[in-house]
Amino acid sequence: MTDIVVSAQGLSRTYGSGETATHALTGATLELRAGELVVLRGPSGSGKTTLLNLLGGLDSSDAGTLSIGGTDVTRAAPDEWVRLRRSTIGYVFQAFALIPHLSAAENVELPLRILGTTVAERDARVAALLARVGLEGHANQRPGELSGGQQQRVGIARALANRPRLLIADEPTGQLDSLTAEAMMDLISGLVHDEGVAAIVSTHDPKMASVADRVIDIRDGVLGARPHGRHAA
Ligand code: ADP
Ligand code: MG
């Protein structure tokens, strides 16, 4: 048995062709293990979203291989990715991407409805997650009635509802003030360790890396490239 959830070898993605081609990601090789929080740190335009989109099947690579949960998904068909995102992958978005007319509880519950989980199991999981993210008193409020930090807590609870093996969060603190952002990273860290999920969280803010078990720097589409300055990783 291995606890390696994601194994990527030489993933590359170029947008466009010829003189206008952008090498958004070049030869990305990484492994993510269960219960490990990896922070993907790099400036705007460095390729963070490109890499996370490949890991979540929202885009496909031009070269390289990818396996998730021991299955080679390099050339997985769209319906296989849909199945993976329902059962194995949780996604957190910078702009929360909650459904505005559903309550916090209904947003968290949605992935479980899609999976066909029983009502009793759904109710228990949703209540536990909302409590865990500190929103027990807010279950019936809609996203528009919640602060940005609270909305992102709903987003994190929703991403974990289906007990994924892989959590992908693309700049989840990008729209939050710095204090709220730090609390969010602490929450994500605690949840990753509680739930034993493999997590990759991107940020352009070097401070957000402090809770990481491991930091991967990205620059100009290349992993492991050292940022300028005195940062240790
Ligand atoms: P980050 O998330 O770190 O800000 P991205 O992965 O979004 O970086 O972008 C990496 C590079 O790829 C940038 O130069 C960006 O302009 C380019 N890029 C991203 N998406 C596209 C696209 N759909 N078409 C063309 N270029 C793109
Ligand atoms: Mg991005």
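The values are calculated or read from the model by the stated rules, or taken from the named source; none is laboratory data. This is a predicted model, so every value here is computed, not measured. Cβ sites come from the backbone with ideal geometry, for glycine too, and all protein chains shown count toward neighbours. For the accessible areas, the whole protein counts, side chains as well, though only heavy atoms, and no ligand, DNA or RNA atoms are used. Shrake-Rupley method; radii C 1.70, N 1.55, O 1.52, S 1.80 Å.
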Spin-label zone in the range 135-170 - amide nitrogen under 19 Å from a point set 7 Å from the Cα of SER87 along the C-beta vector: 159-168
Charge-dipole axis of the chain as Lys and Arg at +1 and Asp and Glu at -1 on Cβ define it, positive-most pick from SER44, MET185, ALA63: ALA63
Degrees separating the helix 178-195 axis from the principal Cα axis of the chain, which is the longest one: 80 degrees
Rounded to 5, the percent of DSSP beta bridges in the chain classed as antiparallel: 50 percent
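Taking every eigenvalue of the Cα gyration tensor of the chain, multiplying by 5 and rooting it, what semi-axes result, largest first, whole Å? Provide the component values of the computation, followed by the final result.
On the way: eigenvalues 166, 87, 53 Å².
Gyration-tensor ellipsoid for the chain: 29, 21, 16 Å.
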Solvent-free Debye scattering, log10 I(q)/I(0), computed from the Cα coordinates of the range 1-139 at q = 0.17, 0.21 Å⁻¹: -1.08, -1.32
Residue with peak Gaussian network fluctuation, the chain [Cα springs, cutoff 10 Å], from ALA124, ALA76, ALA63: ALA124
Mean separation of Cα contacts under 8 Å, 6 or more apart, over the residue count of the chain: relative contact order %: 31 percent
Convex hull projection area averaged over all views, the range 41-122, Cα basis, nm²: 7.4 nm²
Mean accessible surface per residue for the range 1-154, computed with a 1.4 Å probe while every protein chain stays in place, in Å²: 48 Å²
Angle between the chain longest axis and helix 148-160 axis [Cα atoms, degrees, rounded to 10]: 80 degrees
D_trans [Stokes-Einstein, Kirkwood Rh over alpha-carbon pairs] for the range 96-233, 4 °C, 1.567 mPa s, µm² s⁻¹: 81 µm²/s
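At 1.4 Å probe size, with the rest of the protein present, what percent of the exposed accessible area of the range 11-68 is carbon and sulfur atoms?
On the range 11-68, the fraction of accessible area on carbon and sulfur atoms equals 48 percent.
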Angle between the chain longest axis and helix 78-87 axis [Cα atoms, degrees, rounded to 10]: 50 degrees
Relative counts (whole %) of C-alpha pair distances in the range 98-179, using bins that are 5 Å wide: 3, 16, 28, 25, 19, 7, 2, 1
Relative compactness, the range 149-213, computed as alpha-carbon Rg over 2.2 N^0.38 Å: 1.01
ILE99-THR22 pseudo-label distance in nm [points 7 Å out on the Cα-to-Cβ vector]: 3.2 nm
Simple Cβ-charge dipole of the chain, Lys/Arg +1 and Asp/Glu -1, about Cα centre, in debye nearest 20: 100 debye
